[in-house]
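Asker: Here it is, the structure in full.
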Amino acid sequence: MQASDADALFGFRCDKISNQYQGWIPETIDDVRAFIKKQPLAFDIPGTWYQFAILEKETELMIGDLGIHFIDEWQFEIGCTLDKIHQRKGYAIEALLVIMDKLFRDFNKHRAIASIDPRNQASIALVERLGFRKEAHHIESYYANGEWTDDVVYAILKREWTTS
Ligand SMILES: CC(C)(COP(=O)(O)OP(=O)(O)OC[C@H]1O[C@@H](n2cnc3c(N)ncnc32)[C@H](O)[C@@H]1OP(=O)(O)O)[C@@H](O)C(=O)NCCC(=O)NCCS
């Protein structure tokens with residue numbers, strides 16, 4: 001993701017309804033500029049989120065973002081957002097299959113997780129489709145958008161990915 005992606009990112013990330021289960025909803029374009037500016041300069045640094053822009057092949061327009069949180073040397077977390085007009089076209093699956101395959105095979109990662117609000121049915125369908133298993137349901141463990149919310153944790157191991 002680059003500084004020039006700020007307008008597009010703001011365009012779909014500021015939608016409070018489509019992003020109602022997200023922890024971060026930017027109020028202004030400056031919030032988005034600051035978000036892009038603080039991205040790490042390199043991939044695969046423990047303790048950082050690395051953000052990809054998802055581009056539509058035909059138009060090369062940014063239609064979504066895909067974040068990888070490198071938890072430690074061996075484990076990563078995923079987060080994905082598609083512009084609502086581009087949802088349910090298989091784009092999130094397509095983007096995640098490529099990136100996760102690279103992380104498990106080429107970067108030899110051991111485990112991936114996703115942390116999801118249990119009301120977020122689209123996200124749950126997405127990770128289950130990728131082969132993640134539900135590992136935990138934490139009750140009111142996360143304060144977001146003015147309320148304490150539950151958090152479900154999904155995970156998949158490298159050995160499960162290779163057979164899925
Ligand atoms: C979650 C999200 C990224 C999914 O992106 P997407 O491009 O629409 O997903 P895909 O089209 O690749 O679909 C993936 C699978 O999830 C299913 N799915 C997607 N949206 C769904 C919905 N609203 N309800 C039920 N299933 C849904 C699809 O049917 C597909 O499964 P299938 O192949 O077995 O049919 C998208 O809904 C989104 O951006 N939501 C808002 C942001 C957000 O909450 N992100 C999650 C943060 S953890």
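Asker: In terms of the ratio Rg/(2.2 N^0.38 Å) built on C-alpha atoms, what value belongs to the stretch 104-149?
Answerer: 1.40
Asker: Semi-axes of the equivalent ellipsoid for the chain, please: Cα gyration tensor eigenvalues, times 5, square-rooted, ordered largest first, whole Å.
Answerer: Semi-axes, largest first: 23, 20, 16 Å.
Asker: Hey, got the dipole for the stretch 1-76? About the Cα centre, +1 on K and R Cβ, -1 on D and E Cβ, debye to the nearest 20?
Answerer: Using Cβ point charges on Lys, Arg, Asp and Glu, the stretch 1-76 gives about 160 debye.
Asker: Given the options G64, G131, G146, state which has the largest fluctuation in a GNM of the chain using a 10 Å cut-off (strictly under) for Cα springs.
Answerer: Judging by the Gaussian network model, the answer is G146.
Asker: At a threshold of 8 angstrom on Cα-Cα distance, excluding pairs fewer than six apart, so keeping six or more, what relative contact order does the chain reach in percent? Before the final figure, lay out the partial values.
Answerer: On the way: 252 pairs, mean separation 26.7, N = 164.
This gives 16 percent for the chain.
Asker: May I pose another question? Excluding ligands and nucleic acids, what accessible area in Å² is computed for M1 using a 1.4 Å probe, to the nearest 10?
Answerer: Rounded to the nearest 10, that gives 50 Å².
Asker: Suppose only helical runs count, i.e. DSSP H with n ≥ 4. What mean residue ellipticity at 222 nm does that imply for the chain under -39500 (n - 2.57) per run, divided by all residues and rounded to the nearest 500 deg cm²/dmol?
Answerer: Helix-only estimate at 222 nm: -8000 deg cm²/dmol.
Asker: Still on this model: Just how far, in whole angstrom, is the stretch 50-105 from the stretch 114-153 if you go by their alpha carbon centroids?
Answerer: Between the Cα centre of the stretch 114-153 and that of the stretch 50-105, the gap is 18 Å.
Asker: Would you work out which of I71, A144, L61 lies farthest towards the positive end of the dipole of the chain? Charges go on Cβ: Lys and Arg +1, Asp and Glu -1.
Answerer: I71
Asker: Which of the GluC sites (Glu not before Pro) across the stretch 9-67 are loop residues per DSSP, with 13 or fewer other Cβ within 10 Å? Don't skip to the answer; put the middle values down first.
Answerer: Numbers: sites: E27, E56, E58, E60; in loops: E27, E56, E58, E60.
Qualifying residues, ordered by number: E27, E58, E60.
Asker: Separate question: Compute, for the chain, the length of the dipole vector about the Cα centre, with Cβ point charges of +1 (Lys, Arg) and -1 (Asp, Glu) only. Units Debye, rounded to 20.
Answerer: The calculation lands at about 440 debye.
Asker: When all protein chains stay in place, what accessible area (Å², nearest 10, 1.4 Å probe) is found for D72?
Answerer: D72 has an accessible surface of roughly 50 Å² with all protein chains in place.
Asker: Using a Debye calculation, one point per C-alpha and no hydration shell, please list log10 I(q)/I(0) for the stretch 13-99 at q = 0.15, 0.17, 0.20 Å⁻¹ in order.
Answerer: -0.62, -0.80, -1.09
Asker: Also, quick follow-up: Structure shown: which of K109/K134; K37/K158; K102/K134; K16/K89 lie over 30 Å apart, alpha-carbon to alpha-carbon?
Answerer: Violating the 30 Å limit, Cα to Cα: K37/K158.
Asker: Which part of the stretch 28-66 falls in the paramagnetic zone of K89, meaning amide N under 19 Å from the point 7 Å along Cα-to-beta-carbon?
Answerer: Under cut-off, by backbone N: 52-66.
Asker: Report, in order of residue number, the helices in the chain meeting two criteria: a C-alpha extent of 15 Å or more along the helix axis, and a mean Kyte-Doolittle hydropathy of at least -0.5; treat each whole DSSP H run as one helix.
Answerer: Long hydrophobic helices here: 91-105.
The values are calculated or read from the model by the stated rules, or taken from the named source; none is laboratory data. Remember, predicted model here, so these are calculated numbers, not experimental data. Note that each Cβ is placed from the backbone with ideal geometry, even for glycine, and that neighbours are counted across all protein chains shown. Ligands, DNA and RNA are stripped out before the accessible areas are found, and what is left, the full protein with its side chains, is counted by its heavy atoms. Shrake-Rupley method; radii C 1.70, N 1.55, O 1.52, S 1.80 Å.
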